[in-house]
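The values are calculated or read from the model by the stated rules, or taken from the named source; none is laboratory data. What you see is a predicted model; the values in this text were computed from it and never measured. When we count neighbours, we look across all protein chains shown, and the Cβ atoms used for this are built from the backbone with ideal geometry, even at glycine.
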Amino acid sequence: MHSRMNEWVAMSPQDRAAARLNFAKTKELSKQLTADEKKAKWETYQALSPEEKAKMAAKGSPKPTGAATAVKPVPTQKLAVTPKNLPPQPKVPASASATTTGETAMGATSPAGKPN
């Protein structure tokens, strides 16, 4: 397992993205086919000549361009909504508001109403 981890670290970000996509695609296909169908497809692929295998690889899905391309799009209801057209809030330092009310940082006041 350690050697597999080392191989993963040595891969470029594009190669890792391709591996992630390939894994997800393989996982989806494995749910759709029975064990016998998978075996038949694998044997058919193994029987191909190296030239035919190269042609199939060239026709395959395009290479991802990002470092960590998502396997599938994220639904919009899961994305955070950013506030739009809100007026800016005034920024008052915490120390300024505490001294004007006579409170210390801990919220206590002295008997004379002055900060401790």
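Would you check if LEU21 is surrounded by 11 or more Cβ atoms within 10 Å (Cβ to Cβ), of a type outside the set (Lys, Arg) and touching a helix residue (DSSP H, G or I) at 6+ places or on another chain (Cβ under 9 Å)? Show your work before the answer.
Details: surrounded by 11 or more Cβ atoms within 10 Å (Cβ to Cβ): yes; of a type outside the set (Lys, Arg): yes; touching a helix residue (DSSP H, G or I) at 6+ places or on another chain (Cβ under 9 Å): no.
Against the criterion (surrounded by 11 or more Cβ atoms within 10 Å (Cβ to Cβ), of a type outside the set (Lys, Arg) and touching a helix residue (DSSP H, G or I) at 6+ places or on another chain (Cβ under 9 Å)), LEU21 does not qualify.
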Report task. Please enumerate the residues belonging to the range 1-23 that are part of a helix (DSSP H, G or I) and of a type in the set (Gly, Ala, Ser). Result -> SER3, ALA10, ALA17, ALA18, ALA19
Requested in this report: Take THR26 and decide whether it is modelled with pLDDT under 85, assigned to a helix (DSSP H, G or I) and not aliphatic (A, V, I, L, M).
Outcome: yes
Requested in this report: Go through the residues of the range 58-73 one by one and say whether even a single one is modelled with pLDDT of 85 or more and part of a loop (DSSP other than H, G, I, E, B).
Outcome: no
